[in-house]
Amino acid sequence: MVLRIITKIFFVSLLTGCSVSKNYNPDRKYSVEELKSDYTVLRSILEKKHPSLYWYTPKDSMDYYFDKGYNSIKDSMTELLFGWRILAPLIHTIRCGHTSFAMSKGWNKFIKDRRIPSFPLYFKVWKDTMVVTGNLNKKDSLMKNGMIVTSINGIKNHDLINTMFSYLPEDGYADNVNYIRLSTNFPYYHRNIFGIYSKYRITYIDSIGSEHTATIPYYYPPKDTSAKAKKPEKAPKPKKITRKQRRENIRSFSIDSSGKFGLMKLNSFSKGHLKSFFHRTFTKMKDSSIQNLIIDLRANGGGDISNSVALTKYIRHTPFKVVDSASAATKHLSPYGHFIKEKIFNSLGLFFLTHKKKDGRYHFTYWENHSFKPKRLNYTGKVYILINGFTFSASTLFCNVVKGQENVKLIGEEAGGGWYGNSGIFIPDIVLSNTKLRVRLPLFRIVQYQHISEKGIGVMPDIYIGPTLQRVRENGDPKMDEVKRIIVSDSLIKK
């Protein structure tokens, strides 16, 4: 229904005035034969190697979606159109948060640092609500921050959001991650899904609650006027980010000036020398007699499970297991190895780390059989873990294992990572021969230990704190504020 009223996409043509590298042309159209060849290879790899292709979508339904995508390739397309028109909606039907498509490296190099035409408004999006949080057209005095928008080009919010979600990956039905994606960069997703219009018809609610309709222009970046007759001065080189700064972007720890709590911000379970970081942090907590710890996982998309386990050992008071089962659909990547990045590493992992069981799947028995013990430096104070839709993968495993412990509270919104389980561990890229588009391929299906029976939701918070109109307009951090309020309240009670 929505696709019928989309104007012609001319996103790429708007960029033709920019200089294009000799080796990459964003306007290149791939023939129907080339596109169908890429699509057929992708389908074969997913059907034979994906560990959870039919976990949420039955095989007969998945076959229907595969055929529908193939039959939709009726004309030549650019890489951009093939990725968003054909691959994105197909991959959504798998409902695996680790299976997603990405543009080619040539495209990413071409688009880097370019200012491009776009839908102009940023929103905070939740449920059926969209509130303006930014406007690329700086001179626009009409669409202000905090204003509620109810439709774009005649499409009501409910239909608009549902349509955009149908192009985005998620674990099962844990769609909170996609509300946050849209909230983070609505212009990007709207541009790629609906194309670009010269003008947009916006329905909004004013300050006294009346609904109005206005037409606003798209955002068109101003021309670069720096190239004058006079040669411009060479811009100073940007300061290099130090190794310490890079590590602190991944993880940091500080003790509040009041001495009442420590704050650990953990944006990934990859890199950052996390095991030594955890040891130093909990040693400092013990030496400083800090009785409250806030762990912020709201930007943590996962990473190395062993690092997630390392943190769990400091929080969990009793021995624990992480997964009930971890299994692959295959023990090798042939005959598709030449389409898959890091094929040797992943092939060796599948071959040496898995064992075939009676169910016909190849099991990673280390994770299935291993039980972990708490650290001697185990933390006994109160722990408050901040979560939202970006809390994913290995961070979801951590949340599941510590949730329910007496001194632990999860605060915020539903996590994006599946509570029952998800797919991951090894996640190489499939690189399609013609378009060079990339599709992530998780190789193991993980079912969490002592998982919930309801498959498809994310880990739920113990204390829900979600967006409201007032909170969005205040532009604060209500989750962090609530944790601090609880800590102060508890300290007053103890006195």
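The values are calculated or read from the model by the stated rules, or taken from the named source; none is laboratory data. Owing to the predicted nature of the structure, the values given are computational and were not obtained by experimental measurement. Cβ coordinates were reconstructed from backbone atoms using ideal geometry, including for glycine residues, and neighbour counts include every protein chain displayed.
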Name the residue, out of ASP60, ASP27, that is among the acidic types (Asp, Glu) and either in a loop (DSSP other than H, G, I, E, B) or modelled with pLDDT under 95 (or both).
-> ASP27
Single match in SER72, SER76, SER21 (criterion: over 23 Å from the mean Cα position of the chain (by Cα), at pLDDT below 95 and at negative phi) = SER21
Candidates PHE66, PHE82, filtered to the one that is touching a residue at least 60 places away in the same chain (Cβ under 8 Å) and either outside the structural domain of SER334 (by TED's automatic domain parsing) or not acidic (Asp, Glu) (or both) = PHE82
Taking helices (runs of 4 or more DSSP H) that fall entirely within the stretch 269-359, which contain at least 2 residues that are in the same structural domain as GLY259 (by TED's automatic domain parsing), touching a helix residue (DSSP H, G or I) at 6+ places or on another chain (Cβ under 8 Å) and farther than 30 Å from LEU432 by Cβ?
-> 274-287, 305-315
The correct count of residues that are within 22 Å of MET147 (Cα to Cα) and in contact with a Phe, Trp or Tyr (Cβ under 8 Å, 6 or more places away or on another chain) in the stretch 170-197 is 13
Which fully enclosed strands (runs of 3 or more DSSP E) of the stretch 395-495 have 2 or more residues being of a type outside the set (Lys, Arg), out of contact with any Ser or Thr (no Cβ under 9 Å at 6 or more places or on another chain) and surrounded by fewer than 24 Cβ atoms within 10 Å (Cβ to Cβ)?
-> 408-412, 429-431
For the stretch 29-58, what are the residues that are farther than 23 Å from GLY172 by Cα and loosely packed, with under 14 Cβ neighbours inside 10 Å?
-> SER31, VAL32, GLU33, THR40
